[in-house]
Amino acid sequence: MPDILSAPLVVEFPFTRSLGPVQSAFLTGLRERTVLGVRTDGGRILVPPVEYDPVTAKEIRELVEVAPTGTVTTWAWNPAPRRGQPLDTPFAWALVRLDGADTALLHALAAPGPHAVRTGMRVRIRWAAERTGAITDIACFEPYEGDAGGPPAPHDGAFPDPVTGIVTPARLDYRYTPGRAQSAYIEALSERRIVGERCPSCAKVYVPPRGACPTCGVATAERVEVGPRGTVTTYCVVNIKAKNLDIEVPYVYAHIALDGADLALHARIGGIPYDEVRMGLRVEPVWTEGTRHPDHYRPTGEPDADYDAYKELL
């Protein structure tokens with residue numbers, strides 16, 4: 001029996017967004033150790049603030065300051081913190097309704113164990129030592145035995161050097177184990193061959209193989225070697241440089257229908273100026289030493305394929 005393929009994979013990208021006046025004031029306020037909410041037409045104080053009333057959908061801008069103390073409305077214990085979470089020791093995820101607010105804020109609550117956490121307990125914000133204008137400026141909540149904060153007070157949202165945008169990293173770590181069909185596909189790539197599987201019902205050849213025909217719903221088993229040459233069916237020009245990717249922009253990613261395949265795969269096009277890539281361009285894979293898959297595809301020099309030859313694969 002062949003070894004089961006398995007590999008750790010990471011999907012990671014930074015999410016960048018600009019901030020409107022409400023979110024800008026809220027995050028800048030956290031940097032200044034001030035918690036702001038917003039008042040709805042009905043008089044409710046929402047923390048964290050939103051830009052539109054969730055009941056009436058009207059735009060809301062009236063900012064108010066609430067206390068850094070509050071009450072736990074519900075919680076769940078986290079015995080094994082993961083990478084990037086607020087604390088590196090076990091803690092509780094808690095919804096905390098700050099004094100003066102009508103809604104609860106989700107954050108970490110530092111406690112020695114689940115026995116020390118309860119709904120209704122009083123807590124306060126523990127501010128981060130270094131604050132930049134992000135939700136992480138609240139390091140966590142901690143138990144608090146003092147008095148309740150006062151009523152919400154109007155606030156104009158004005159701070160020096162306001163935060164106008166944020167970059168939030170998103171990351172997913174997981175282990176991928178391909179099935180029978182994709183394992184065969186990957187093993188063939190190590191030999192610089194491209195293998196798909198044919199549906200016994202409709203006779204379509206799928207590359208990469210999926211183990212079953214998505215149209216007929218039947219298992220596929222017959223392996224078919226395709227390509228290595230193919231045709232660009234459609235493409236896009238990438239103008240934004242990706243983090244940790246050493247490719248100069250602009251460059252082109254394309255859907256490529258390999259000869260003998262009935263499903264287009266996507267890959268980068270190289271060896272040609274980006275503005276000369278076109279539908280129907282005939283291409284071939286370029287392999288680099290020590291890799292399991294083609295680094296990119298380049299023009300073969302053949303005449304362009306006729307549109308009718310690939311129109312069903314767009």
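Do any residues in the stretch 179-195 that are closer than 20 Å to GLY230 by Cβ have Cβ atoms under 8 Å from those of residues that are of a type in the set (A, V, I, L, M, F, W, C) and surrounded by fewer than 16 Cβ atoms within 10 Å (Cβ to Cβ), where the two are at least six apart or on different chains, and which pairs are they? That search, which allows pairs on different chains as well, returns ILE186/LEU5; ARG192/TRP287.
Just one of the numbered conditions (1) within 16 Å of TYR297 (Cα to Cα); (2) open to solvent by less than 80 Å² (accessible area, probe 1.4 Å) is not true of VAL224: (1).
The condition (being assigned to a strand (DSSP E or B), hydrophobic (A, V, I, L, M, F, W, C) and touching a Lys or Arg at 6+ places or on another chain (Cβ under 6 Å)) is satisfied by just one residue among VAL195, VAL167: VAL195. Among the residues of the stretch 125-142, is there at least one that is without any contact (Cβ under 8 Å) to a residue 60 or more places away in the chain and exposed (fewer than 12 other Cβ atoms within 10 Å of the Cβ)? Yes, the stretch 125-142 has at least one match.
Does LEU36 count as of a type outside the set (S, T, N, Q), touching a helix residue (DSSP H, G or I) at 6+ places or on another chain (Cβ under 9 Å) and within 19 Å of VAL167 (Cβ to Cβ)? Answer is no for this residue. If you go through the stretch 53-85 and keep only what is under 18 Å from PRO154 (Cα atoms), under 30 Å from the mean Cα position of the chain (by Cα) and open to solvent by 20 Å² or more (accessible area, probe 1.4 Å), you end up with GLU59, ARG61.
Among the residues of this structure, ARG44 counts as one that is open to solvent by 70 Å² or more (accessible area, probe 1.4 Å), among the basic types (Lys, Arg) and either without any contact (Cβ under 8 Å) to a residue 60 or more places away in the chain or touching an Asp or Glu at 6+ places or on another chain (Cβ under 7 Å) (or both).
Where strands (runs of 3 or more DSSP E) fall entirely within the stretch 1-93, those with at least 3 residues that are out of contact with any Pro (no Cβ under 9 Å at 6 or more places or on another chain) and modelled with pLDDT under 95 are at 7-18.
Give the residue that is most open to solvent (accessible area, probe 1.4 Å), with candidates limited to residues of the stretch 286-312 that are part of a strand (DSSP E or B) and without any contact (Cβ under 8 Å) to a residue 60 or more places away in the chain. The selected residue is ARG298. Among the residues of the stretch 221-229, is there at least one that is in contact (Cβ under 8 Å) with a residue 60 or more places away in the chain, in contact with a Leu (Cβ under 8 Å, 6 or more places away or on another chain) and assigned to a strand (DSSP E or B)? Checking the stretch 221-229: not a single residue is in contact (Cβ under 8 Å) with a residue 60 or more places away in the chain, in contact with a Leu (Cβ under 8 Å, 6 or more places away or on another chain) and assigned to a strand (DSSP E or B).
Condition first: in contact with a Phe, Trp or Tyr (Cβ under 6 Å, 6 or more places away or on another chain), within 22 Å of PHE26 (Cα to Cα) and open to solvent by less than 60 Å² (accessible area, probe 1.4 Å). Can you find one or more residues in the stretch 92-104 that meet it? Within the stretch 92-104, one or more residues are in contact with a Phe, Trp or Tyr (Cβ under 6 Å, 6 or more places away or on another chain), within 22 Å of PHE26 (Cα to Cα) and open to solvent by less than 60 Å² (accessible area, probe 1.4 Å).
Selection of the stretch 266-285 for residues being open to solvent by 90 Å² or more (accessible area, probe 1.4 Å) and more than 31 Å from the chain's Cα centre (by Cα) yields only GLU276. Scanning the stretch 227-241 for residues that are of a type outside the set (A, V, I, L, M) and open to solvent by less than 30 Å² (accessible area, probe 1.4 Å) yields GLY230, THR231, THR233.
Taking the numbered list (1) in contact (Cβ under 8 Å) with a residue 60 or more places away in the chain; (2) more than 29 Å from ASP161 (Cα to Cα); (3) more than 27 Å from the chain's Cα centre (by Cα); (4) open to solvent by less than 60 Å² (accessible area, probe 1.4 Å) in turn, LEU5 passes all entries but (3). Of all residues in the stretch 23-64, those being basic (Lys, Arg) and within 17 Å of ALA104 (Cα to Cα) number 2.
The values are calculated or read from the model by the stated rules, or taken from the named source; none is laboratory data. Small disclaimer: the values here were computed from a predicted structure and weren't measured. Positions of Cβ are generated from backbone atoms using ideal geometry, with glycine treated the same way; all protein chains shown enter the neighbour counts. Surface areas here come from the heavy atoms of the whole protein model, side chains and all, with no ligands, DNA or RNA. Shrake-Rupley method; radii C 1.70, N 1.55, O 1.52, S 1.80 Å.
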